[in-house]
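First the structure, in the form of structure tokens, and then the observations on it.
The values are calculated or read from the model by the stated rules, or taken from the named source; none is laboratory data. Given the structure is predicted, the values throughout are model-derived calculations rather than measurements. Don't worry about glycine lacking a Cβ; one is built from the backbone with ideal geometry, like all the others, and counts go over all protein chains shown.
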Amino acid sequence: MATVGFVGLGIMGRPMLRNLLKAGHTVVAYGRTPATLDSVVADGAQRASSNADVGARAEIIVTMLPDGPEVEEVVLGASGILSGAKPRALSNRPLIIDMSSISPLVSQKIAAACDARGVDFLDAPVSGGEPKAIDGTLAIMVGGKPEVFAKAEPILKSLGSSVTLTGPVGAGNTTKLANQIIVACNIAAMGEALTLATKAGLDPEVVFNAIKGGLAGSTVLNAKAPMVISRNFQPGFRIALHQKDLRNALLAAESMKVSLPLTGTVQNQMMALMNEGKGSLDHSAIVTFVEKMAGVEIKKAATAKA
């Protein structure tokens with residue numbers, strides 16, 4: 001069992017940390033919100049006083065943060081993880097596993113800084129949202145050196161049911177961006193389809209049940225259509241965070257001269273919803289963009305107006 005540092009105690013981070021504890025690892029945790037840190041210490045984690053303290057006390061450190069600037073601050077900042085990390089022999093270097101969803105270019109920048117300090121780095125973003133973080137069945141997409149991945153794999157298997165090395169550093173986040181494009185466009189397409197059915201006077205639940213077993217069926221449809229129909233937009237993954245992922249996808253695409261027209265359209269819809277104060281809702285609420293234009297809500301009372 002390893003001593004694992006953990007920084008980032010949000011919706012995803014807390015259950016991930018708890019799964020590391022359940023697997024028998026010693027976990028040294030730090031977060032800026034005292035009450036949240038208190039909660040994981042009550043679960044059995046050791047309290048760290050700072051990011052640097054985590055770096056000093058753990059051989060493997062996991063970060064789970066909102067975006068690239070936060071990861072840079074936590075890892076590279078004046079009191080960041082690297083300032084406390086203790087470089088060792090090449091075969092036993094400290095390892096930072098960033099499981100945040102950030103720009104691949106930022107992952108590569110942080111990896112270079114870590115390497116210069118004698119610290120290994122993997123980018124390992126996840127898919128599955130809060131439910132899969134809780135039950136330890138996340139899909140984890142990893143970028144880094146094969147020998148470093150081999151060291152991290154037992155830790156990652158405490159958190160996910162699918163752990164895949166996708167390429168060098170940055171490949172994990174590129175893969176995650178591809179995932180996020182597919183999820184966002186699926187939700188938007190589902191919203192248009194069920195809005196059309198509702199406007200036509202059909203019961204969207206009946207329509208969902210009729211199509212979910214065919215070619216249109218998907219994990220996204222099965223997870224998100226019931227939430228929309230029941231008007232349950234409690235966040236498993238917030239619109240604001242998904243918008244950030246699509247922004248990173250568009251920035252990466254621009255750097256490679258790749259056009260992503262569908263991604264751009266859905267990202268614009270998300271920004272409009274954020275301007276309406278809906279950024280903290282679950283990303284299934286993307287459907288409310290087209291609902292508003294059609295003047296209906298996707299729910300069993302098909303004639304109800306938005």
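Annotations for the structure displayed:
- Taken as a whole, the structure leaves Ile96 outside the set of residues that are under 14 Å from Met64 (Cβ atoms), out of contact with any Phe, Trp or Tyr (no Cβ under 7 Å at 6 or more places or on another chain) and not in a loop (DSSP other than H, G, I, E, B).
- When Ala35 is tested against the conditions (1) surrounded by fewer than 17 Cβ atoms within 10 Å (Cβ to Cβ); (2) touching a strand residue (DSSP E or B) at 6+ places or on another chain (Cβ under 8 Å), the lone failure is (2).
- Summed over segment 1-54, the residues that are in a strand (DSSP E or B) and small (Gly, Ala, Ser) give a count of 2.
- Within the option set Ala58, Ala23, Ala29, being on the phi < 0 side of the Ramachandran plot, buried (at least 20 other Cβ atoms within 10 Å of the Cβ), over 21 Å from the mean Cα position of the chain (by Cα) and of a type outside the set (S, T, N, Q) holds for one residue only, Ala58.
- Screening Val258 with (1) over 15 Å from Leu177 (Cβ atoms); (2) modelled with pLDDT of 95 or more gives one miss only, at (1).
- Filtering segment 241-270 to residues that are over 18 Å from Val106 (Cβ atoms), buried (at least 16 other Cβ atoms within 10 Å of the Cβ) and hydrophobic (A, V, I, L, M, F, W, C) leaves Leu260, Val266, Met270.
- Members of segment 166-204 found to be touching a Gly at 6+ places or on another chain (Cβ under 8 Å) and among the aliphatic types (A, V, I, L, M), listed by number: Val169, Ala171
- Filter result (crowded, with 16+ Cβ neighbours inside 10 Å, modelled with pLDDT under 95 and either in the same structural domain as Thr195 (by TED's automatic domain parsing) or among the hydrophobic types (A, V, I, L, M, F, W, C) (or both)) within segment 271-306: Ala302
- Residue match in segment 112-125 (condition: closer than 20 Å to Gly31 by Cα and β-branched (Val, Ile, Thr)): no
- Helices (runs of 4 or more DSSP H) completely within segment 101-187 that count 3 or more residues being within 17 Å of Leu241 (Cα to Cα), outside the structural domain of Ala249 (by TED's automatic domain parsing) and in contact (Cβ under 8 Å) with a residue 24 or more places away in the chain: 129-135
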